[in-house]
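A short reminder: the numbers here are calculations on the coordinates, not readings from a lab. Bear in mind that the values here come from a model prediction, so they are computed numbers and not experimental data. Please note: Cβ atoms are built from the backbone with ideal geometry, for glycine as well, and neighbour counts cover all protein chains shown.
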Amino acid sequence: MKVERAFLEAVEILKKNSIASPFLDARIMLAKILNCDSQDIILKYSQLDLTSNQYQEYLNSINLRATRVPLSHLTNHREFFGNNFFIDNSVLDPRPDSETLIELLSDKYQNRQERLRICEVGVGSGCLIISLLKLYKNWLGIGLDISETALKIAQKNAQTNDVESRISFIQSDIFSNLQKDCLFDIIISNPPYIPSSEIEKLQDEVKIYEPRIALDGGFDGLEFYRKIADNCAQFLKISGSIFLEIGHNQHNDVIKIFESRGIKFLDSKKDLNGIIRILEFAKKI
């Protein structure tokens, strides 16, 4: 079967199943089958013949996408801040909103050339801390996560992105397994922040296929902010800052949590939708 015909067939299947971006998804999955750039599919490969095995593999992946399996799980790939990451169902699929954290740090530290130590709590795929280490060649990092499987994926992504010599990973529930004398210039986290009662209202791609442990923030969505706030100060240098991603309309509650524990609010940044997405805090001196 010609590539063009298989592509159009795939688009129709995705449309019938109300997939939001049928053309894009069909193109990306076809590019994986052909091992080529997705931008080249129609221009360069439309008249190429797919083998029967290629066609069947493509059709299988399209049918899985039609059942709401996330595209990143089918391709095991997600681009984040211009970098490539391996993704599967054991880690959160990186969102564009999370790039807001990278943007805020790049604004604040763009003229800082010294070697800084950064820690990510709940490292997941590693997309945040690895992207920062690629931006700042002098920085050293530690990634913490309670999930052993997530840590293996983060390690794989560190190797793929050539930062493995500047980062180490520790299996830890928040800061529990971090040595007490570890001090950081920067702590970052995108903790679970969806209230438990809201999980079932999420898209199928999220609630069925993404790890609940990376989504569920407890009864009010703020459980992990409390845990981080309880202990982060002891791991921050005097001049250090902590940067947190938050959910929609959570900024006031999170600020109260940290300030009630003697940690002062410094700054915030909105995402592209105008929602306050990142908060910065520091020790009160």
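Given segment 203-285, what whole percent of its Cα pairs are spread farther than 16 Å?
Values: 1888 of 3403 pairs.
Considering segment 203-285, 55 percent of its Cα-Cα pairs are separated by more than 16 Å.
What percent do you get for the relative contact order of segment 1-128 when only Cα pairs under 8 Å and 6+ apart count?
Numbers: 112 pairs, mean separation 28.1, N = 128.
Relative CO of segment 1-128 lands at 22 percent.
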Below 26 Å Cα-Cα, how many Lys pairs turn up in segment 189-285? Only count pairs eight or more apart in sequence, or on different chains, if you could.
27
Nitroxide proxy distance, nm - points 7 Å out along Cα→Cβ at Ser52 and Arg261:
6.1
If you line up the long axis of helix 148-160 against the longest principal axis of the chain, both from Cα atoms, how many degrees apart are they, to the nearest 10?
80
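In segment 217-285, which trypsin sites (Lys or Arg not before Pro) fall in coil by DSSP and have 10 or fewer other Cβ atoms within 10 Å? Intermediate results must be reported in sequence, preceding the final value.
Numbers: sites: Arg226, Lys227, Lys237, Lys256, Arg261, Lys264, Lys269, Lys270, Arg277, Lys283, Lys284; in loops: Arg261, Lys284.
For trypsin sites (Lys or Arg not before Pro) across segment 217-285 that sit outside H, G, I, E and B with at most 10 neighbouring Cβ atoms in 10 Å, the list reads Lys284.
For segment 110-225, calculate the relative contact order in percent as a whole number, restricting contacts to Cα pairs under 8 Å that are 6 or more residues apart. Each step should come with its number before you reach the end.
Working: 197 pairs, mean separation 29.5, N = 116.
About 25 percent, as a whole number.
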Between helix 99-109 and the chain: long-axis angle, C-alpha atoms, 0 to 90°, nearest 10:
40
Taking the Cα centre of each part, how many Å lie between segment 205-224 and segment 75-147?
20
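Ranked by Cβ crowding within 10 angstrom, fewest neighbours first, how are Leu34, Leu133 ordered?
On the way: Leu34 18, Leu133 23.
The fewest-first ordering by Cβ neighbours comes to Leu34, Leu133.
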I want to verify the translational diffusion coefficient of segment 90-222 in µm²/s; compute it with Stokes-Einstein, Rh as the Kirkwood radius over Cα pairs, at 37 °C and 0.692 mPa s.
212
If one compares the long axis through the Cα atoms of helix 22-34 with the longest principal axis of the Cα atoms of the chain, the angle in degrees, nearest 10, works out at 80
For segment 1-133, what are Rg and Dmax over the alpha carbons, in angstrom?
18.3, 57
Hull surface divided by four, with the convex hull built on the Cα atoms of segment 22-73: how many nm²?
3.5
